[in-house]
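*Asks:* The structure under discussion is supplied below as structure tokens; questions concerning it will follow.
The values are calculated or read from the model by the stated rules, or taken from the named source; none is laboratory data. Note that this is a predicted model, so its numbers are computed, not measured. A quick note on method: Cβ atoms are made from the backbone with ideal geometry, for glycine too, and the neighbour counts reach across all protein chains shown.
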Amino acid sequence: MATYSKGSLRERSEGHWQARFCRTDRNGSSIVTRSFEATSRRAATLIMEDIRRELIEQDADSASDCNLVAYMLDYVDERERSQQIEPSTATNYHSSIKHLARYLEGYSIGEMTSESVMDVQAGLLADGLVADTVAKDHRFFKQVMDYACEMGHIHRSPFNKATKPPKRWKPRPNALDERSRSMLLSVLDASPTTKQSVAARLGLLAGLRREEVAGLRWGDVDLVANRIRVGRAVGVSNGRPYLKGTKTEAGEREVVLEKGLADTLRSLRSSLGVSAREDHYVLGDGDSFYTPDRITKDFTSLAKAMNLIGAAGKRAMMHDLRNTFVRIPSRLLCTFRQPHRPAIRCGYSSSRVTSW
């Protein structure tokens, strides 16, 4: 997947010209030169443009013969290297490549047809992958082939209106009902203030995702105005955590703290003393953060010990606390920051909140 610069032109002697292009691919950059004759600079410029088109077409022809799995890997690496995607997104894409590679080994990028796309999809479902996972793999596969088409590496994408992903099953939200919510709060109130209990309260009473809980710093917590600012999260790529922005732009927001949660944070900060600096993480160890996987593991242990079951009949997970916060009527107010709009305040007074 090479790209070429627009090129530069110089006249080496009367009527003799040289065009120079910078060719960039996953292995780095190189200079490509071509010499030719022309009667004027205008004529030489037109010839240079023709040469650049020929070089691109030659690379496109060779790309169409490229192994499809290798092309997918290059595509992900290139997008991650250019910071078009998060490392955690690249990890998800690599997971899709691993699934697709079972049926794509030996295929070149130019050999794929609509029929072969559906054969791959049927094979993944027959392997026991759930429809949601196969639909995710389908979307990634289509994204790669659309890119190849736009780059001129193939003439037409094999994806069309007939190549649809499997119908996704939308699970019933596993939010806690009022009784389970009250029971969990009673247990948390009776327990010492720990990282585990604070994480659970932030999910249940402030609607934070586990990644947002992990990324919360003391500088984001205003215990005078009783509100917190959510502006960063901790992602995981290949088992290694890293700091990133919120999941969406709308995810950057300020949340008004319920009194019990404000008191809990006040108690935790008081117990930490000088260790609770503005740039230190609320649940971390100084300037190192608590990982999302650890937060999930801690809450899973708590939910198992309490036999905490949600509305869908499954044991509650950390993300179910966020669903509970959204769906159970509350007097909490949130301030959402939306691009190009003044901040708006909305209360969770109904069971449906479209802002989330």
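*Asks:* Within region 176-185, take every residue that is of a type outside the set (A, V, I, L, M) and surrounded by 14 or more Cβ atoms within 10 Å (Cβ to Cβ) and give me the one that is farthest from Thr324 (Cα to Cα). If you could, list the steps in order and put the result at the bottom.
*Replies:* From region 176-185, those of a type outside the set (A, V, I, L, M) are 177-182; that's our starting set.
Filter once more, keeping what is surrounded by 14 or more Cβ atoms within 10 Å (Cβ to Cβ): 177, 180-181.
Working: Asp177: 8, Ser180: 10, Arg181: 8 Å.
Only one residue tops the list, namely Ser180.
*Asks:* Something else now. Looking only at region 212-226, count how many residues are among the small types (Gly, Ala, Ser) and either in a loop (DSSP other than H, G, I, E, B) or more than 22 Å from the chain's Cα centre (by Cα) (or both). Show your work before the answer.
*Replies:* If we filter region 212-226 for residues that are among the small types (Gly, Ala, Ser), which is where we start, we get 214-215, 219, 225.
Next, from what is left, pick out any that are either in a loop (DSSP other than H, G, I, E, B) or more than 22 Å from the chain's Cα centre (by Cα) (or both): 219, 225.
Of the residues in that region, 2 qualify.
*Asks:* I would also like to ask the following. Taking the conditions exactly as written (surrounded by fewer than 15 Cβ atoms within 10 Å (Cβ to Cβ), modelled with pLDDT of 90 or more and assigned to a helix (DSSP H, G or I)), does Asp50 satisfy them or not? If you could, list the steps in order and put the result at the bottom.
*Replies:* On the way: surrounded by fewer than 15 Cβ atoms within 10 Å (Cβ to Cβ): yes; modelled with pLDDT of 90 or more: yes; assigned to a helix (DSSP H, G or I): yes.
So Asp50 fits the description; yes.
*Asks:* Something else: With the checklist (1) at pLDDT 90 or above; (2) surrounded by fewer than 16 Cβ atoms within 10 Å (Cβ to Cβ) in hand, flag the one item Ser96 doesn't pass.
*Replies:* Failing condition for Ser96: (2).
*Asks:* If you take the residues in region 80-112 that are assigned to a helix (DSSP H, G or I) and among the small types (Gly, Ala, Ser), which one is farthest from the chain's Cα centre (by Cα)?
*Replies:* Just the residues of region 80-112 that are assigned to a helix (DSSP H, G or I), to begin with: 80-81, 87-104, 109-111.
If we keep only those that are among the small types (Gly, Ala, Ser) as well, we get 88, 90, 95-96, 101, 110.
Values: Ser88: 6, Ala90: 8, Ser95: 13, Ser96: 14, Ala101: 22, Gly110: 29 Å.
My answer is Gly110.
*Asks:* Still on this model: Which of the following residues is basic (Lys, Arg), assigned to a loop (DSSP other than H, G, I, E, B), modelled with pLDDT of 90 or more and not assigned by TED's automatic domain parsing to the domain that holds Leu321: Lys136, Lys142, Lys164, Lys170? If you could, list the steps in order and put the result at the bottom.
*Replies:* Working: Lys136 fails: assigned to a loop (DSSP other than H, G, I, E, B); Lys142 fails: assigned to a loop (DSSP other than H, G, I, E, B); Lys170 fails: modelled with pLDDT of 90 or more.
After ruling out the rest, the residue left standing is Lys164.
*Asks:* Turning to a different aspect of this structure: Contact list please: Cβ distance under 6 Å, first residue in region 1-15 and loosely packed, with under 14 Cβ neighbours inside 10 Å, second residue at pLDDT 90 or above, pairs at least six apart or on different chains.
*Replies:* Final answer for the pair search is Ser8/Arg20; Arg10/Gln18; Glu11/Trp17; Arg12/Gln18; Gly15/Glu37.
*Asks:* Against the condition outside any helix (DSSP H, G or I), among the aliphatic types (A, V, I, L, M) and in the same structural domain as Val274 (by TED's automatic domain parsing), how does Leu202 come out, does it pass?
*Replies:* Details: outside any helix (DSSP H, G or I): no; among the aliphatic types (A, V, I, L, M): yes; in the same structural domain as Val274 (by TED's automatic domain parsing): yes.
So Leu202 does not fit the description; no.
*Asks:* Please work out which residue is surrounded by the most Cβ atoms within 10 Å (Cβ to Cβ), limiting yourself to region 201-219 and to residues that are farther than 18 Å from Ala316 by Cα, touching a residue at least 40 places away in the same chain (Cβ under 8 Å) and not small (Gly, Ala, Ser).
*Replies:* The qualifying residue surrounded by the most Cβ atoms within 10 Å (Cβ to Cβ) is Leu216.
*Asks:* Within region 149-160, can one find any residue that is assigned to a helix (DSSP H, G or I), farther than 14 Å from Ile97 by Cβ and small (Gly, Ala, Ser)?
*Replies:* To start, the set of residues in region 149-160 that are assigned to a helix (DSSP H, G or I) comprises 149-150.
Filter once more, keeping what is farther than 14 Å from Ile97 by Cβ: 149-150.
Keeping just the survivors that are small (Gly, Ala, Ser) gives none.
Among the residues of region 149-160, not one is assigned to a helix (DSSP H, G or I), farther than 14 Å from Ile97 by Cβ and small (Gly, Ala, Ser), which makes the answer no.
*Asks:* Residues in region 239-252: is at least one of a type in the set (Lys, Arg), within 17 Å of Ser288 (Cα to Cα), at pLDDT below 90 and over 25 Å from the mean Cα position of the chain (by Cα)? Lay out the reasoning, then the answer.
*Replies:* Our first condition is that a residue be of a type in the set (Lys, Arg); within region 239-252, this holds for 240, 244, 247.
Restricting the remaining residues to those that are within 17 Å of Ser288 (Cα to Cα) gives 240, 244.
Retained after the next criterion (residues that are at pLDDT below 90): 240, 244.
This time we only want the ones that are over 25 Å from the mean Cα position of the chain (by Cα), so: none.
No: zero hits.
*Asks:* Please determine whether any residue of region 311-333 is over 15 Å from Leu204 (Cβ atoms), basic (Lys, Arg) and modelled with pLDDT under 90. Show your work before the answer.
*Replies:* Restricting attention to region 311-333, the residues satisfying the condition of being over 15 Å from Leu204 (Cβ atoms) are 312-315, 333.
After this cut, where a residue has to be basic (Lys, Arg) as well, the list is 314-315.
Subset that is modelled with pLDDT under 90: none.
No: zero hits.
*Asks:* Within the bounds of region 235-251, is there any residue that is outside the structural domain of Met112 (by TED's automatic domain parsing) and farther than 30 Å from His138 by Cβ?
*Replies:* First pass over region 235-251, keeping only residues outside the structural domain of Met112 (by TED's automatic domain parsing): 235-251.
Of the ones still in play, those that are also farther than 30 Å from His138 by Cβ are 243.
The answer is yes, given that some residue of region 235-251 is outside the structural domain of Met112 (by TED's automatic domain parsing) and farther than 30 Å from His138 by Cβ.
*Asks:* Given the conditions (1) surrounded by 15 or more Cβ atoms within 10 Å (Cβ to Cβ); (2) over 27 Å from the mean Cα position of the chain (by Cα), which single one is not true for Pro158?
*Replies:* (2)
*Asks:* Give me a count of the residues in region 16-35 that are surrounded by 14 or more Cβ atoms within 10 Å (Cβ to Cβ) and either among the aliphatic types (A, V, I, L, M) or modelled with pLDDT of 90 or more (or both).
*Replies:* Residues flagged as surrounded by 14 or more Cβ atoms within 10 Å (Cβ to Cβ) and either among the aliphatic types (A, V, I, L, M) or modelled with pLDDT of 90 or more (or both) within region 16-35 amount to 8.
*Asks:* Being surrounded by fewer than 24 Cβ atoms within 10 Å (Cβ to Cβ) and under 16 Å from Tyr290 (Cβ atoms) is the filter here; which residues of region 186-200 pass it? Break it down into steps so the answer makes sense when it comes.
*Replies:* Initial filter on region 186-200 (surrounded by fewer than 24 Cβ atoms within 10 Å (Cβ to Cβ)): 186-198.
If the condition is that a residue be surrounded by fewer than 24 Cβ atoms within 10 Å (Cβ to Cβ) and under 16 Å from Tyr290 (Cβ atoms), then Thr193, Thr194, Lys195, Gln196, Ser197, Val198 are the ones that fit.
*Asks:* Also, I was wondering about something else. Report, by residue number, each residue of region 114-133 that is acidic (Asp, Glu) and either part of a helix (DSSP H, G or I) or farther than 14 Å from Ala101 by Cα (or both). If you could, list the steps in order and put the result at the bottom.
*Replies:* Let us first name the residues in region 114-133 that are acidic (Asp, Glu), namely 115, 119, 127, 132.
Of everything in region 114-133, those that are acidic (Asp, Glu) and either part of a helix (DSSP H, G or I) or farther than 14 Å from Ala101 by Cα (or both) turn out to be Glu115, Asp119, Asp132.
*Asks:* In region 280-305, which residue that is more than 24 Å from the chain's Cα centre (by Cα) and either at pLDDT 90 or above or assigned to a helix (DSSP H, G or I) (or both) is surrounded by the fewest Cβ atoms within 10 Å (Cβ to Cβ)?
*Replies:* Ala305
*Asks:* To continue, here is another question. Glu80 passes all but one of (1) farther than 30 Å from Thr248 by Cβ; (2) surrounded by 16 or more Cβ atoms within 10 Å (Cβ to Cβ); which number fails?
*Replies:* With (1) farther than 30 Å from Thr248 by Cβ; (2) surrounded by 16 or more Cβ atoms within 10 Å (Cβ to Cβ) applied to Glu80, the lone miss is (1).
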